[in-house]
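Take a look at the structure below.
The values are calculated or read from the model by the stated rules, or taken from the named source; none is laboratory data. Nothing here was measured: the structure is a model prediction, and the numbers come from that model. Methodologically, a virtual Cβ is constructed for each residue, glycine included, from the backbone with ideal geometry; neighbour enumeration extends over all protein chains shown. Note: accessible area is taken over every heavy atom of the protein model, side chains too, but ligands, DNA and RNA are not part of it. Shrake-Rupley method; radii C 1.70, N 1.55, O 1.52, S 1.80 Å.
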Amino acid sequence: MKKIIIFLLVIIVLLIGYGKYSQYKRYSSPEINYKTDKNIDISYHNQEILMNYYEAVEALDSYVMLQWSANEIDVRTPEDDDIETKVAVENYAKKLAKVHYYEAILENSTNLKEKGLDNKEIKFLETEGVDLKTYKRKLKYDKIKNLFNSNVKLYNGEKNAIIYEVQKELNRKGDTITVDGVYRIETFNAIKAFEEKNNLLADGYLDDLTLEIMFE
C-alpha cells in the first residue's frame, strides 16, 4: 500500500511539473520579434508604405506568438508535419512574404538615395517604371534640349556644347567622328546618316525629333 501511495505521489508530482513546464513553454517563447538586416528608408516618399510595413511586421510577430501560445507551434521552425502545423506555417509564409515585399521597396529607396537621388526622383522612377540608367539618360537629354534652339540653323565651323554632346552620342552609337564640338561636314554627314537610319528628314541639321530619338 505504501508503495502504491509513493507511486501515485510521484505521478502527481510529474503531472504538476509537466503542467508547469507546458505553461512556461506556452508563455515563454523564444525571441519572436522580427528583425531585418535590410537598410530601410524611414524617410520614404510614401509614408503609407512605411506604415504598412510596420503593420505587416506587427501582424507577423502577433501571429508567431499566437501560434506558439495557443497551439505550441513554432511556425518558424516547426517540429511536426500535421495538418494544423502545415496550415499555420503556410499562413506564416504569406505574412512573411508581405513583410519582404515592403522591405524590397524601402531598401531600394535607400540604395537610390545613396546614389544621389531624392524622394521626388525616386517617385518619378517608380511612377514611370524606368530604371536608373534610363532616368539619367532622360536627365541628360533634358539638359541638352534646354540648350537647343530649333529656330537657329547650324553653320559650318560653329562650335557649341550641343554639337559636342551629339558627336559623343553618335560615336557611342557606332560612328568614329572627331569629338571637338565643331559642326563641320564630318558631323553633318553623321547626323544625316543617323536621320536616314531612323526614317527622319535627312537634312543633316538638328531638330527636336532628331535629338529626342538620338538620346532616347
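Numerical summary
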{"read-out": "So LEU200, is it modelled with pLDDT of 90 or more, among the aliphatic types (A, V, I, L, M) and open to solvent by less than 70 Å² (accessible area, probe 1.4 Å)", "value": "yes"}
{"read-out": "Total residues in the stretch 196-216, condition within 39 Å of the chain's Cα centre (by Cα), of a type outside the set (A, V, I, L, M) and farther than 18 Å from ILE144 by Cα", "value": "3"}
{"read-out": "Condition check for LYS197: closer than 30 Å to SER43 by Cβ and among the charged types (D, E, K, R)", "value": "no"}
{"read-out": "Positions within the stretch 154-204 being of a type in the set (Ser, Thr, Tyr) and outside any helix (DSSP H, G or I), in sequence order", "value": "TYR155, THR176, THR178, TYR183"}
{"read-out": "Near pairs, Cβ below 6 angstrom, 6+ apart or cross-chain, from the stretch 70-97 (under 16 Å from VAL57 (Cα atoms)) to any residue that is surrounded by 12 or more Cβ atoms within 10 Å (Cβ to Cβ) and polar (S, T, N, Q)", "value": "VAL75/GLN67"}
{"read-out": "Answer residue from the stretch 93-117, given it is in a helix (DSSP H, G or I) and of a type in the set (D, E, K, R) and is farthest from GLN47 (Cα to Cα) among those", "value": "LYS94"}
{"read-out": "Residue tally, condition farther than 15 Å from PHE215 by Cα, modelled with pLDDT under 85 and open to solvent by less than 70 Å² (accessible area, probe 1.4 Å), over the stretch 133-179", "value": "2"}
{"read-out": "Leading residue by the ranking (farthest from ASN119 (Cα to Cα)) among those in the stretch 37-92 that are part of a loop (DSSP other than H, G, I, E, B) and among the hydrophobic types (A, V, I, L, M, F, W, C)", "value": "ILE73"}
{"read-out": "Any hit, the stretch 110-121, residues being open to solvent by less than 60 Å² (accessible area, probe 1.4 Å), closer than 30 Å to GLN67 by Cα and at pLDDT 95 or above", "value": "no"}
